[in-house]
Amino acid sequence: MSKTTFNYKCTIKFIMRKVFVLLAVLLLTAQLACAKKLYVEMEYKKNSIKLDDGTDRKPQTVKGTDGKDLKFNSLIGALNYMSLQGWELVDTKSVTTGGGFVGAYGGASSTSTTVYYIFCKEVPDEELKETVANSYRKD
């Protein structure tokens with residue numbers, strides 16, 4: 001094999017590697033551009049979490065592989081679990097319910113505050129379309 005043939009083959013291999021890397025980057029970029037974000041609302045109560053995806057189903061308690069409700073030691077454990085599943089914490093909201101009466105001589109008040117955690121995750125268009133299709137009211 002001559003030196004020119006060897007250089008030619010090395011050049012072809014080099015170009016092919018560059019083209020392969022470029023195509024891989026373009027494919028990944030195109031896939032990310034098509035992904036949309038799905039949002040869920042998480043409620044942490046009694047060491048378990050319920051997720052609401054906005055569909056017509058009631059919020060679902062997160063279950064383990066054995067089908068039982070997952071129980072967490074703390075809120076931080078639940079947040080770390082969501083992160084491990086690919087969810088990103090976006091925001092929190094507090095909802096206070098109840099009320100009371102406070103007069104000149106005192107009164108009574110009973111309120112309860114629930115904190116909700118809003119998460120998002122990139123999903124394929126088909127999954128988001130299916131979720132949105134089940135999010136409309138049927139009044």
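Structural remarks
- Single residue of region 55-64 satisfying the filter (in a loop (DSSP other than H, G, I, E, B) and touching a strand residue (DSSP E or B) at 6+ places or on another chain (Cβ under 7 Å)) that is surrounded by the fewest Cβ atoms within 10 Å (Cβ to Cβ): P59
- Filter result for E130 (surrounded by 12 or more Cβ atoms within 10 Å (Cβ to Cβ), modelled with pLDDT under 90 and charged (D, E, K, R)): yes
- First in region 75-99 and outside any helix (DSSP H, G or I), second anywhere and of a type in the set (S, T, N, Q) and surrounded by 11 or more Cβ atoms within 10 Å (Cβ to Cβ), Cβ under 7 Å, 6 or more apart: V95/T114
- G67 surrounded by 10 or more Cβ atoms within 10 Å (Cβ to Cβ), without any contact (Cβ under 8 Å) to a residue 12 or more places away in the chain and not in a strand (DSSP E or B): no
- Residue ID - nearest to the chain's Cα centre (by Cα), chosen from residues in region 108-125 that are open to solvent by less than 50 Å² (accessible area, probe 1.4 Å) and among the hydroxyl-bearing types (S, T, Y): Y117
- Residues within region 27-55 that are among the aliphatic types (A, V, I, L, M) and modelled with pLDDT under 75, tallied: 6
- The residue that is surrounded by the most Cβ atoms within 10 Å (Cβ to Cβ), among those in region 73-90 that are touching a strand residue (DSSP E or B) at 6+ places or on another chain (Cβ under 7 Å) and more than 24 Å from E130 (Cα to Cα), is A78.
The values are calculated or read from the model by the stated rules, or taken from the named source; none is laboratory data. Since the model is a prediction, treat every value here as computed from it, not as a measurement. No Cβ is skipped: glycine too gets one built from the backbone with ideal geometry, and neighbour counts run over all protein chains shown. All accessible areas refer to the heavy atoms of the entire protein, side chains included, with ligands and DNA or RNA removed. Shrake-Rupley method; radii C 1.70, N 1.55, O 1.52, S 1.80 Å.
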